[in-house]
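These notes concern the structure reproduced below.
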Amino acid sequence: MKLAIVGATGLVGTELLKVLAERQFPLTELLPVASAKSVGQLVHFQGKDYPVVSMDDAIAARPDIAIFSAGGSVSKEHAPRFAAVGTTVVDNSSAWRMDPTKKLVVPEINANILTVADKIIANPNCSTIQMVVALNDLHKAYGLQRIVVSTYQSVTGTGKKAVDQLMEERAGQTASNPAYPHPIDLNVLPHIDVFEANGYTKEEMKMVHETKKIMGDNSIQVTATCVRIPVMGGHSEALNVQFHKEFAMAEVRAILRHTAGVELVDEPSQNLYPMPKDSHGRDAVLVGRLRRDETQGCTLNLWVVADNLRKGAATNAVQIAEYLVANKLVG
Ligand code: 11C
């Protein structure tokens, strides 16, 4: 497989290279692509140095797969150019997710919808991925009716600029080039991405729309409050989930123990519950704090944590690429 990584020097791009190496993705050639100022810079991968190439050079090389993680506008402009030369693009941005002609894929849930004709495949938002991985098998068993989600999201979701802001503030300095309109250290911002006309943020509305598309069920009601916290790596979510059918707690635990991509961490008597620090560098979606909502029927409370740069971005994209290879949908 000839593979291009667009945005190879960013936080997700760096994680992509780690995940590809760990999972021994069957690569014959790597084409790291980054902004013009990074062309020629070397990217280290599996004991070798690869020079960063320009977008045009990468397209001319006609890779089998290109994984994009360089923001929506880069994806909008350049993903169709790769697709036009026969490359299959797996795109981490929000550019194509809600396009009805593009598939939005979490491999544990819906990779089976992919065909050889899919030349631009969208990777969902990190906070959506961990939520749907946790809920998919429960949805099959009991039918999701409504999800109320509150997120506690790491600064790594914003990128390097936000990581630098937190570290500078923590060192007692004023951030030189802040990513947020307010300090993030010793603070909490109920604001992720831009505000929309309905008063919700774009991040909140991504969780609403993407969940329905991935689950293939427009009747699922989702309402979200997305919050940035001063944590370095790992998004957390408090979910209140109402099902159509009643459930037994023991059965819910059994389902989660067997859900692909989920690890149940739920021993409160031993102070064991998912925390972002325990998600670092891991692909599992950690689920715990399982409680029946005692205020209404068929409703469950749970706490879901995952490394947003791994399952929330890089790992999910690599899993899609692996599925394409394994099912001979590329190359
Ligand atoms: C965050 N979820 O934590 C965002 C980052 O649509 O892919 C990913 C944005 C996206 O800020």
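Placing +1 on the Cβ of every Lys and Arg and -1 on the Cβ of every Asp and Glu, with no other charges, gives the chain a dipole of roughly 420 debye about its Cα centre.
Kirkwood analysis of the Cα pair distances in the chain returns a hydrodynamic radius of 20.4 Å.
With r defined as the distance between the Cβ atoms of Asp293 and Ser73 and R0 fixed at 45 Å, what FRET efficiency is calculated, to the nearest 0.05? Efficiency, rounded to the nearest 0.05: 0.65.
Derived from the Cα gyration tensor, the three semi-axes of the equivalent ellipsoid of segment 127-308 are 30, 19, 13 Å, largest first. Remark: segment 175-270 projects, on average over all directions, an area of 9.6 nm² (convex hull of Cα atoms).
On full extension, the segment bounded by Leu42 and Asn187 gains 48.5 nm, given 0.36 nm per residue less the C-alpha separation. Among residues other than Val148 with Cβ under 12 Å from its Cβ, the summed charge is -2 (Lys and Arg +1, Asp and Glu -1).
If only the Cβ of Lys and Arg carry +1 and only the Cβ of Asp and Glu carry -1, the dipole of segment 81-233 around its Cα centre is close to 340 debye. First obtain the Kirkwood hydrodynamic radius of segment 169-219 from its Cα pairs, then insert it into the Stokes-Einstein equation at 25 °C and 0.890 mPa s, and state the resulting D in µm² per second as a whole number. My calculation gives 183 µm²/s for D. When both bridge partners sit in segment 127-308, DSSP labels roughly 75% of those beta bridges antiparallel.
Rounded to the nearest whole angstrom, the semi-axes of the ellipsoid equivalent to segment 1-112, taken from the Cα gyration tensor as √(5λ), stand at 21, 17, 13, largest first.
Dipole size of segment 20-123 about its Cα centre, with +1 on Lys/Arg Cβ and -1 on Asp/Glu Cβ: approximately 180 debye, rounded to the nearest 20. As a rough guide to protection, the peptides 113-120, 268-275 ranked by mean Cβ packing within 10 Å, highest first, stand as 113-120, 268-275.
Subtracting the Cα-Cα distance of Glu251 and His280 from their residue separation scaled by 0.36 nm leaves 7.6 nm. Here the sum of -39500 (n - 2.57) over DSSP H runs of 4 or more residues, divided by the residues of the chain, equals -9000 deg cm²/dmol at 222 nm, to the nearest 500. What the Cβ-Cβ distance of Asn112 and Gln221 gives, at R0 = 35 Å and to the nearest 0.05, is a FRET efficiency of 0.85. Among beta bridges identified by DSSP and lying wholly in the chain, the antiparallel ones come to about 50 percent.
No value in this document is a laboratory result; all are computed from the given coordinates. All figures in this text were calculated on a predicted structure; none of them were measured in a lab. Note that we place each Cβ from the backbone using ideal geometry, even for glycine, and neighbour counts take in every protein chain shown.
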